[in-house]
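Visitor: A single structure is presented below for examination.
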Amino acid sequence: MNFDPNAPLLQVNDMHVEFRTRDGVARAVTGVNLILRPGETLAVLGESGCGKSVTAQAIMGILDTPPAHVTKGEVLYRGVDLLKLPEDERRQVRANRIAMIFQDALSALNPVYSVGYQIGELFRTHRGLSRQEAKRRAVDLLDQVRIPDAKNRVDDYPHQFSGGMRQRVMIAMALALDPDVLIADEPTTALDVTVQAQIMGLLAEVQRERNMGLVLITHDMGVVADVADTIAVMYAGKVVEYAPVYDIYAHPAHPYTKALLESIPRLDFKGRGLNVIRGLPPALTDVPRGCPFHPRCAYARDVCRQDPPPPAYQIAPRRIASCHFIREVLGV
Amino acid sequence: MFRYIVRRLLQMVLTFFGATFLVYALMFANQDDPYQALVGERPLSESQRIALNAQYHLDDPFLVQYWHYVRGLLTGDLGTSLTQRRPISEMLAEAWPITIKLALLAVLIAAVIAVSAGVLSGIRRGGVFDNVTLVITLIVLAMPVVVLAPVAQVVFGVQLGWFPVTVTRDAGLWDLLLPALVLGTLVIATELRVTRSSVAENMRADYVRTARAKGLTNKRVIGAHVLRNSLIPVITLIGVDIGALMSGAIITEGVFNIPGVGFNLFRGIRAEDGPLVVGFVSVLVIVFLVINLIVDLLYAALDPRIRYE
């Protein structure tokens with residue numbers, strides 16, 4: 001494969017994904033654009049069902065087809081459109097170039113194989129290493145993700161590890177073949193808070209060591225603020241705002257982002273009511289006319305109910321948002 | 001693990017005596033005139049009655065009779081058949097080999113067909129193959145052996161002449177093939193459906209998505225990850241089926257005249273041959289219990305999440 005080392009690490013252009021089910025077509029992703037540089041952490045933020053996990057799985061090419069179909073767009077890795085690659089070459093990209101870790105490590109690991117086997121499997125199938133050599137590498141990796149006593153734990157099964165340790169195993173597995181993109185789909189959601197911090201710290205560390213691009217999918221604004229460089233806020237299958245983390249926290253440009261930030265409990269607002277976003281995100285089979293966010297939006301006017309949101313507007317370099325009333329939201 | 005096995009074996013002793021007691025009681029309650037059953041159609045004189053009673057204790061109360069029986073069991077004597085006038089142990093030794101051969105052949109045929117068809121239809125749920133097997137399994141499920149066995153015998157044995165019509169004691173595998181096929185239909189449908197749903201369920205599991213994300217080939221995702229998990233319930237089901245087929249061959253053995261366990265049992269029940277029925281059923285109970293224990297141990301070997309203590 002002719003990867004161009006000078007091309008952007010990972011770029012998603014106008015990707016559309018739909019699920020064709022008996023009950024109708026659900027447009028889960030409707031025109032997502034993302035770009036990721038080496039060493040950068042891109043957080044994809046949004047509520048459940050906004051299409052963030054589908055985006056990640058479409059990049060990996062592990063969506064169940066049917067019912068899911070990528071109907072439009074490009075996923076460029078070092079300039080090569082992965083969507084156009086034959087399955088066999090696409091398969092080689094997985095784990096070798098782009099690896100992924102999942103939310104619930106207990107169900108994401110195979111219960112009947114030891115963790116050493118599951119990590120070693122990568123070396124055996126992709127690198128043709130022997131069982132013994134693969135196991136030795138697995139021990140090294142478990143060591144790297146700081147699993148104590150790795151040598152003796154390599155033959156243990158997933159259920160014998162704690163939640164945090166299991167997620168470390170997942171990370172070890174993802175790092176095995178030295179990918180330069182890591183997609184983490186809500187890696188800490190299933191963990192308690194102290195363990196969350198440890199796992200995020202570990203991810204940040206391995207990312208720095210390897211200069212990997214990290215796509216962090218999450219709905220946790222707190223996690224994002226600590227580690228992300230750039231944030232893509234998704235709503236109903238679209239990126240509504242895309243900006244460096246500092247800008248978004250200081251001056252959100254989209255009403256949804258602003259509402260999300262206002263719904264975070266803050267110590268200095270103690271005693272005051274919390275500004276939650278009312279209502280639920282729309283069902284993807286039944287997205288409202290106009291801007292999908294308008295029923296929940298504080299800025300909504302007639303134009304929002306009738307016309308689709310305007311094309312992404314470049315507010316500043318590397319900063320875009322898609323709303324009729326950006327100026328108003330920014331307060332300029 | 002060791003303690004678990006010992007506990008299960010001790011439970012088996014209790015189950016064994018419970019089962020013999022129950023079967024003995026049932027046979028006792030079912031008795032009409034055991035003396036007449038013993039001598040058949042001939043008239044029975046009073047002196048014969050007394051002589052038979054001395055041998056078989058048939059006039060004693062139920063519990064005394066059972067006590068005589070258990071005492072015999074404990075000394076390794078399963079008693080003598082009333083109708084055949086032969087030691088039960090000898091008859092068992094003759095009947096078991098062919099029944100085991102028949103049951104294993106039936107299970108093998110059923111498992112090979114059920115697992116391969118079940119895996120294929122589980123991978124492509126709702127496909128043509130899946131729907132065709134669904135219809136076939138429904139037909140097989142709805143067809144009782146009492147119908148299937150004679151029909152198969154007439155069609156393949158008598159009319160087409162592909163298989164021998166009846167089977168003798170020292171029958172080869174080929175002779176047993178037709179009865180084994182008929183017997184296998186008892187379990188093939190359930191085994192197939194269990195395989196299918198297990199595979200279909202595992203195809204949607206999160207770890208399969210992980211395996212795909214690892215860049216494994218489809219063959220490996222299914223062969224190493226999906227199957228290893230899906231076959232756990234199937235293998236245990238097959239184990240239980242072996243026990244069921246050994247005892248469930250009464251009709252098949254009857255139709256094909258196979259002198260196995262079921263055949264003897266059937267004859268014993270009709271002739272009110274108490275010792276024969278109790279002896280055969282007791283051994284069946286043991287076989288069942290041992291197979292169940294093996295299956296449970298196998299389960300732990302296949303699924304690392306299960307540990308016995």
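Visitor: Provide a whole-number value for the mean count of partner chain Cβ atoms within 10 Å of the Cβ atoms in peptide A:95-108.
Guide: Numbers: counts 5, 2, 1, 2, 3, 5, 2, 5, 1, 1, 3, 2, 5, 8.
Mean partner-chain Cβ count within 10 Å for A:95-108: 3.
Visitor: Hey, another quick one. Place a point 7 Å from Cα of A:Gln92 in the direction of its Cβ. Which residues in region B:194-226 have their backbone N less than 16 Å from it?
Guide: Only B:215-218 pass the distance filter.
Visitor: R0 = 25 Å: FRET efficiency of B:Leu138 with B:Asn257, Cβ-based, nearest 0.05?
Guide: Details: r = 30 Å, r/R0 = 1.22.
Approximately 0.25, to the nearest 0.05.
Visitor: Regarding chain B, what are the three Cα extents along the principal axes, ordered largest first, in Å?
Guide: Here the Cα extents, ordered largest to smallest, are 86, 56, 30 Å.
Visitor: Leaving ligands, DNA and RNA out of it, work out the accessible area of B:Arg193 with a 1.4 Å probe and give it in Å² to the nearest 10.
Guide: Looks like 70 Å² after rounding.
Visitor: Here's another thing I want to ask about it. Cα gyration tensor of region A:174-332, axes a ≥ b ≥ c as square roots of the eigenvalues: rounded (a/c below 1.5), prolate (a/b > b/c) or oblate? Kindly include the intermediate steps, with their values, before the conclusion.
Guide: Working: a/c = 1.88, a/b = 1.57, b/c = 1.19.
Verdict is prolate for region A:174-332.
Visitor: May I have the pair-distance distribution P(r) for the protein assembly as shown, computed from all Cα-Cα distances with 20 Å bins from 0 and rounded to whole percent?
Guide: Per 20 Å bin, starting at zero, the Cα-Cα P(r) for the protein assembly as shown comes out as 15, 35, 25, 17, 7, 1, 0 percent.
Visitor: Past the 26 Å Cα-Cα mark, which pairs from A:Lys72/B:Lys219; A:Lys52/A:Lys151; A:Lys238/B:Lys214; A:Lys238/A:Lys270; A:Lys84/A:Lys238?
Guide: Over 26 Å apart, Cα to Cα: A:Lys72/B:Lys219; A:Lys52/A:Lys151; A:Lys238/B:Lys214; A:Lys238/A:Lys270.
Visitor: Turning to a different aspect of this structure: Quick one: helix B:227-247 against the long Cα principal axis of chain B, what's the angle to the nearest 10°, folded into 0 to 90?
Guide: Its long axis makes an angle of about 20 degrees.
Visitor: So what's the angle, to the nearest 10 degrees on a 0 to 90 scale, between helix B:62-74 and the longest Cα principal axis of chain B?
Guide: For helix B:62-74, the angle is close to 70 degrees.
Visitor: Report the paramagnetic label zone for A:Glu209: residues of region A:133-160 whose backbone N is under 16 Å from a point 7 Å from Cα along the Cα-to-Cβ axis.
Guide: Label zone hits: A:137-151.
Visitor: Please list, in order, the residues from region A:158-184 whose amide nitrogen is less than 19 Å from a point placed 7 Å along the Cα→Cβ vector of B:Asp206.
Guide: Residues A:158-175, A:183-184 fall inside that zone.
Visitor: Keeping all protein chains in position, work out how much accessible area A:Glu89 exposes to a 1.4 Å probe, and write it in Å² to the nearest 10.
Guide: Ignoring ligands and nucleic acids, A:Glu89 comes out at about 70 Å².
Visitor: Simple spin-label model, 7 Å along Cα-to-Cβ: A:Ala283 to B:Val6 in nm?
Guide: Label-label distance for A:Ala283 and B:Val6, simple model: 6.1 nm.
Visitor: Could I ask something else about it? Which of B:Leu237, B:Leu192, B:Leu160 moves most in a GNM of chain B, Cα contacts under 10 Å?
Guide: Looking only at B:Leu237, B:Leu192, B:Leu160, the largest GNM fluctuation is found for B:Leu160.
Visitor: Continuing with this model, one more query. For helix B:173-203, report the angle its Cα long axis makes with the longest principal axis of the Cα atoms of chain B; keep it between 0 and 90° and round to the nearest 10°.
Guide: 40
Visitor: D for region A:98-178, whole µm²/s, Stokes-Einstein with Kirkwood Rh over alpha-carbon pairs at 4 °C and 1.567 mPa s: what number? Provide the component values of the computation, followed by the final result.
Guide: Working: Rh = 12.2 Å.
Calculated translational D: 106 µm²/s.
Visitor: Looking only at the protein assembly as shown, where both bridge partners belong to it, what percent of the DSSP beta bridges are antiparallel (to the nearest 5)?
Guide: Details: 32 of 51 bridges.
Percentage antiparallel, nearest 5: 65.
Visitor: For A:Tyr249 and A:Asp143, what does the FRET efficiency come to when R0 = 30 Å and r is the distance between their Cβ atoms, rounded to the nearest 0.05?
Guide: Rounded to the nearest 0.05, the efficiency is 0.25.
Visitor: Can you sort B:Leu141, A:Leu175 by solvent-accessible area, 1.4 Å probe, largest first?
Guide: Greatest to least solvent exposure: B:Leu141, A:Leu175.
Visitor: Here is a follow-up. Could you sort B:Asp241, B:Asp206 by their accessible area in this structure, using a 1.4 Å probe and putting the largest first? Don't jump to the answer; show the numbers that get you there.
Guide: Numbers: B:Asp241 15, B:Asp206 55 Å².
So the residues, ranked largest to smallest area, are B:Asp206, B:Asp241.
Visitor: What is the distance, in nm, between label points placed 7 Å from the Cα along the Cα-to-Cβ direction at B:Leu26 and at A:Val276?
Guide: Result for the modelled spin labels: 6.2 nm.
Visitor: Can you give me the solvent accessible area of A:Lys84 with a 1.4 Å probe, rounded to the nearest 10 Å²?
Guide: Here the accessible area works out near 150 Å².
Visitor: Below 8 Å, C-alpha to C-alpha, sequence gap of six or more: please give me the relative contact order for chain B in percent.
Guide: Values: 343 pairs, mean separation 86.1, N = 309.
Relative contact order comes out at 28 percent.
Visitor: Other chains' Cβ within 10 Å of B:215-223 residues: what's the mean?
Guide: Details: counts 18, 7, 4, 2, 0, 3, 0, 0, 0.
Whole-number average of other-chain Cβ neighbours for B:215-223 is 4.
Visitor: What is the local net charge at B:Leu265, summed over the other residues whose Cβ is closer than 12 Å to its Cβ (Lys, Arg +1; Asp, Glu -1)?
Guide: Numbers: positive: B:Arg267, B:Arg270; negative: B:Glu253, B:Asp273.
It works out to a net charge of 0.
Visitor: Now, a different point. Run the numbers for A:Asp14 and A:Asp268: contour at 0.36 nm per residue of separation, minus the present Cα-Cα distance, in nm. Provide the component values of the computation, followed by the final result.
Guide: Numbers: separation 254, 0.36 × 254 = 91.44 nm, distance 4.03 nm.
Here the segment from A:Asp14 to A:Asp268 would lengthen by 87.4 nm.
Visitor: If the viscosity is 0.692 mPa s and the temperature 37 °C, what translational diffusion coefficient in µm²/s does Stokes-Einstein give for region A:246-332 when Rh comes from Kirkwood over Cα pairs? Could you put the intermediate results ahead of the total?
Guide: Values: Rh = 14.2 Å.
My calculation gives 231 µm²/s for D.
Visitor: How many Å² of accessible surface get buried when A and B come together, counting both sides, probe radius 1.4 Å, rounded to the nearest 100? Intermediate results must be reported in sequence, preceding the final value.
Guide: Values: alone 16270 and 16310 Å², together 30490 Å².
Chains A and B together bury roughly 2100 Å² of accessible area.
Visitor: Pull out the extension gain between A:Ser130 and A:Asp23, defined as 0.36 nm times the separation in residues minus the alpha carbon to alpha carbon distance; nm, one decimal. Numbers along the way, then the final one.
Guide: Values: separation 107, 0.36 × 107 = 38.52 nm, distance 4.82 nm.
Net length gain for the segment: 33.7 nm.
Visitor: Same structure again: Would you please give the FRET efficiency between B:Arg124 and B:Ile235, computed as 1/(1 + (r/R0)^6) with r the Cβ-Cβ distance and R0 = 25 Å, to the nearest 0.05?
Guide: Values: r = 23 Å, r/R0 = 0.90.
Once the sixth-power term is evaluated, E becomes 0.65.
The values are calculated or read from the model by the stated rules, or taken from the named source; none is laboratory data. As the structure is a prediction and not an experimental result, all values here were calculated from the model. Please note: Cβ atoms are built from the backbone with ideal geometry, for glycine as well, and neighbour counts cover all protein chains shown. With ligands, DNA and RNA removed, areas are computed over all heavy atoms of the protein, side chains included. Shrake-Rupley method; radii C 1.70, N 1.55, O 1.52, S 1.80 Å.
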